[in-house]
Amino acid sequence: MLIKKPADIRPSEITSKENYLNRRQFIRAGSIAGAALVSGSAIGAVVPEGGRAKLPDVGKSEFSTAEAPNSYEDITTYNNYYEFGTGKEDPHKYAQDFEPRPWSITVDGHAEKTGTFDFDDFIKPFDLEERIYRMRCVEAWSMVIPWVGISLADVVKHYQPTSKAKYVAFETLHDPKRMFGQRRPVLDWPYKEGLTIAEATNPLTILAVGVYGESMPAQNGAPIRLVVPWKYGFKGIKGIVRISFTEKQPPVSWNISAPHEYGFYANVNPEVDHPRWSQATERRIGGGLFAPRIPTQMFNGYGEQVAHLYDGLDLRKNY
Ligand code: MTE
């Protein structure tokens, strides 16, 4: 977000295009066969393996915005994912060879049900839904993204947190062999995020597994990432491998990295400037260089659904 691009990446860190294409074709063939078997079977969420595979049985959501979504290209080529470089175009360039399988997710902490689950088993109990959300980055740009995901409230309910669970913490995969950005100490790896239980169970919060009706591109956080549309984009942790129910507020990556700039809450708030720039307006990606800036809305326009979560909290202090 704020850190300079590291020194050049060695060619040995990047798979040749030929290798990459071969591998992708192989995975694609497998996933289409798999999807054909399960499509329409109504047995819960199913995400085929590999690149641009169509997701079966995706419902619609009352929470989608009617605004026009950004193009697939905008959404998948202008990214932040420090595990794959610190430049906006790096994740698209360098995450292409990343294979988000096999993948397991550990659920631990204060819950009745805990354990380590294979990704497919993890998502199976839940329904897939398209959520077209406005997304606002702390760097003052925005996009409209048609995510496909499962409700985090449903996930939380499934694991039955105990009364001690006040927060939900998330962690990204830590594997410097597969994520070359983790070989440099640009952040305190693994990437970490957290929400209060109330934020995690708000109906708007989802774990996204796809975009534009297809499985999640690697650069956007395959196979599963958090999406919280009323918070700055950095809350949307990618490549999740651990979900923990905690009693104490969990440490979160950008707060650890720059505590005077990034707090735990990170609600979109045009009235609280970043110490180095205004948050009053935003630039919609894809609008062209001369498009007028858009006024930023409190809670990114989702105030009706979420403002009550912060009743009595001073949002200038709790930024
Ligand atoms: N998750 C991980 N693991 N690593 C990251 O560097 N960057 C965050 C967030 N999630 C990041 C991450 C930031 S700063 C932003 S703005 C969003 O991902 C960007 O999501 P997008 O690229 O899908 O738009």
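Worth a mention:
- Of all beta bridges that DSSP places with both ends in the chain, some 80 percent have antiparallel geometry.
- Table column - 3J(HN,Hα) (Hz), the stretch 282-288, Karplus curve with 6.51, -1.76, 1.60, x for Gly and Pro: 9, 10, 7, 4, x, x, x
- Candidates per trypsin sites (Lys or Arg not before Pro) in the stretch 275-315, loop by DSSP, up to 11 other Cβ within 10 Å: Arg276
- Long-range tail of P(r) for the chain (Cα pairs > 24 Å, %): 53 percent
- Charge dipole (Cα centre; +1 on Lys/Arg Cβ, -1 on Asp/Glu Cβ; no other charges) of the chain amounts to roughly 660 debye.
- Assigned charges on the beta-carbon of Lys, Arg, Asp, Glu; the stretch 246-287 dipole about Cα centre (debye): 160 debye
- When you count the other C-beta atoms within 10 angstrom of each residue and take the mean per peptide, 258-267, 304-313, 221-230 line up highest first as 221-230, 258-267, 304-313.
- Relative contact order of the chain, pairs being alpha-carbon contacts under 8 Å that are 6 or more residues apart, as %: 18 percent
- Taking the C-alpha atoms of the stretch 171-274, convex hull volume expressed per residue in Å³: 119 Å³
- Heavy-atom accessible surface of the chain, averaged per residue, reaches 46 Å², computed with a 1.4 Å probe.
- Links that overshoot a 22 Å alpha carbon limit, given the list Lys93/Lys238; Lys54/Lys231; Lys248/Lys317; Lys60/Lys124; Lys60/Lys235; Lys54/Lys235: Lys54/Lys231; Lys60/Lys235; Lys54/Lys235
- Reach of Lys177 by Cα under 15 Å, taken over aspartates and glutamates that are not fewer than 8 positions away in the same chain: Glu13, Glu83, Asp97, Glu99
- 10 Å binning of all Cα-Cα separations within the stretch 140-194, expressed as whole percents from 0 upward: 16, 29, 38, 17
- Rounded to whole Hz, the Karplus (6.51, -1.76, 1.60) HN-Hα couplings of the stretch 191-203, x for glycine and proline: 4, 10, 9, x, 9, 6, 4, 5, 5, 5, 9, 5, x
- Here the Karplus curve 6.51 cos²θ - 1.76 cosθ + 1.60, taken at θ = phi - 60°, turns the phi angles of the stretch 206-218 into couplings of 10, 9, 8, 10, x, 8, 6, x, 10, 4, 5, x, 3 Hz, with x standing for Gly and Pro.
The values are calculated or read from the model by the stated rules, or taken from the named source; none is laboratory data. Given the structure is predicted, the values throughout are model-derived calculations rather than measurements. For neighbour counting, all protein chains shown are included, and Cβ atoms are generated from backbone atoms with ideal geometry for every residue, glycine included. Protein only, heavy atoms only, side chains kept; ligands, DNA and RNA dropped before computing areas. Shrake-Rupley method; radii C 1.70, N 1.55, O 1.52, S 1.80 Å.
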